[in-house]
Amino acid sequence: MNQRERLLNVLQLKPVDRAPAAVPTQNAIVEIMNLSGYKWPAALKNAGDMAGLAWACHEIAGIEGVRVPFDITIEAEAMGCETRFSEDPGMPPMSAPRPMADYNRIRIPDPLRDGRMPEVLEAVRLLKEKTSDEVPLIAALGTPYELLSTTLDCEDIALSIYEDPDFLNEQLEKMTMIAKNYGKELEKAGADVLMLVDGTSQNLGPRHFEIFSLPFTRLLVESLTKPTILHICGNSTPLLEQMVTAGVSALSIDKPVDVSHALEVTRGKAALVGKISPHILCVGSRSEVIEETAESLRQGIHVISPGCGILPETPLENLRTYINCVVNWED
């Protein structure tokens, strides 16, 4: 099996020769930036640099796939939120959410014209020429609730949950339309898999997740044709039974998640992706990285990957150690 076949088979719950060592979360590190010459912030903004860095992460570290973009502010910036970039190669950009009083200035972006969306689409097209049918190409976008959380002040969201839920639902409908439009263009550009990133829904709890996040993510998934992976940061254990009903191909789980419960909930319905600690991958010894990786392999997780974004300061040697452990695993 080649790398693309292996990942796509896993996401369709088909047999594979071994677990893929793909990374659907952020995977750029400073060492690879320095070795390849493709660095942030240029690789966050320009299609050629973005594609170059993504390919370098695959080629230099051995990651079994490529993934763009490298940050979660693409949609927020395209909607008109101010985004700040750092010259520090290890610092991702930050976007500034708007207060509710100013939220009417949020615009519905055109993925072909606005912000960095066209650059991401072009990076996907450039990578498709390189990956062909051999290496899986993963494109990331935010869930509707994630888009809301990156564009509307968190205090306003918290107050609106109780005081003005109709306002939130109205905005989430807009966010769903934005995500659908962007997701469809990512598919057209050549993405094999769509990674749906949600860094905030774990704070909702099951009752509010059922109202303000899940139904909108489900609508997004229904609009897409390619396999989807849903990632919710942190301890998403209380949400797993609901997450699997979103209709995604896989759930990406972070280090704190109860794996036995996750396997039980997803059995026959979705694959599991995770859950190597990004902290251990960054600061751990070689033996600690091997043991952390082996734990996920022994637990029966389908795609062995960090449980959240790889920290830019992570040593290349640790990244290669994790990949080699997966590729050469013998139970």
For this session: Can you grab the distance from the C-alpha centre of segment 141-165 to the C-alpha centre of segment 185-221, Å, no decimals?
Result: 14
Seminar exercise, completed: Sorted by accessible surface (1.4 Å probe, heavy atoms of the protein chains only), largest first, Lys188, Lys39, Lys128, Lys275 come out as Lys188, Lys39, Lys128, Lys275
Problem set entry | Distance cut-off 29 Å, percentage of C-alpha pairs in the chain lying past it | 33
Exercise. Rounded to a whole number, what % of the accessible area of segment 140-260 do carbon and sulfur atoms account for, probe 1.4 Å?
Worked result: 51
Exercise. Along the Cα-to-C-beta direction of Phe85, a point sits 7 Å from the Cα; which residues of segment 125-156 have their amide N less than 17 Å from that point?
Worked result: none
Exercise. Counting Lys and Arg as +1 and Asp and Glu as -1, each charge on the Cβ, what is the dipole of segment 29-137 about the Cα centre in debye, to the nearest 20?
Worked result: 320
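Go through Lys39/Lys226; Lys45/Lys184; Lys174/Lys275; Lys128/Lys255; Lys14/Lys180; Lys39/Lys275 and tell me which ones have a Cα-Cα distance over 24 Å in this structure.
Table pairs above 24 Å Cα-Cα are Lys39/Lys226; Lys174/Lys275; Lys128/Lys255; Lys14/Lys180; Lys39/Lys275.
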Exercise. In nm, to one decimal, how far is the Gln12 label point from the Asp331 one, both placed 7 Å along Cα→Cβ?
Worked result: 2.3
For this session: Report the extension gain between Met177 and Tyr103 in nm, rounded to one decimal, defined as 0.36 nm multiplied by the number of residues separating them, less their alpha carbon distance.
Result: 25.0 nm
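Accessible area per residue for the chain in Å², computed with a 1.4 Å probe and the full protein assembly in place, what is it? Intermediate values should be presented prior to the final figure.
Values: 13120 Å² over 331 residues.
Ligands and nucleic acids excluded, the figure is 40 Å² per residue.
Can you give the charge dipole size of the chain about its Cα centre, rounded to the nearest 20 debye, using +1 on the beta carbon of Lys and Arg and -1 on the beta carbon of Asp and Glu? Numbers along the way, then the final one.
Numbers: 30 positive and 47 negative charges, 155 e Å.
Around 740 debye, computed over the chain.
Would you please classify the overall shape of segment 118-266 from the alpha carbon gyration tensor, given that a ≥ b ≥ c denote the square roots of the eigenvalues, rounded means a/c under 1.5, and beyond that prolate means a/b larger than b/c while oblate covers the rest? Don't jump to the answer; show the numbers that get you there.
On the way: a/c = 2.24, a/b = 1.35, b/c = 1.66.
Oblate shape, in that a/c is at least 1.5 and b/c is the bigger or equal ratio.
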Problem set entry | segment 247-324 and segment 84-116: distance between their alpha carbon centers, rounded to Å | 30
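The values are calculated or read from the model by the stated rules, or taken from the named source; none is laboratory data. Computed from a predicted model, the values in this text were never measured in an experiment. As a convention, Cβ positions derive from the backbone with ideal geometry for all residues, glycine included, and neighbour counts pool all protein chains shown. Each accessible area value is taken on the protein alone, full model and side chains, heavy atoms only, with ligands, DNA and RNA left out. Shrake-Rupley method; radii C 1.70, N 1.55, O 1.52, S 1.80 Å.
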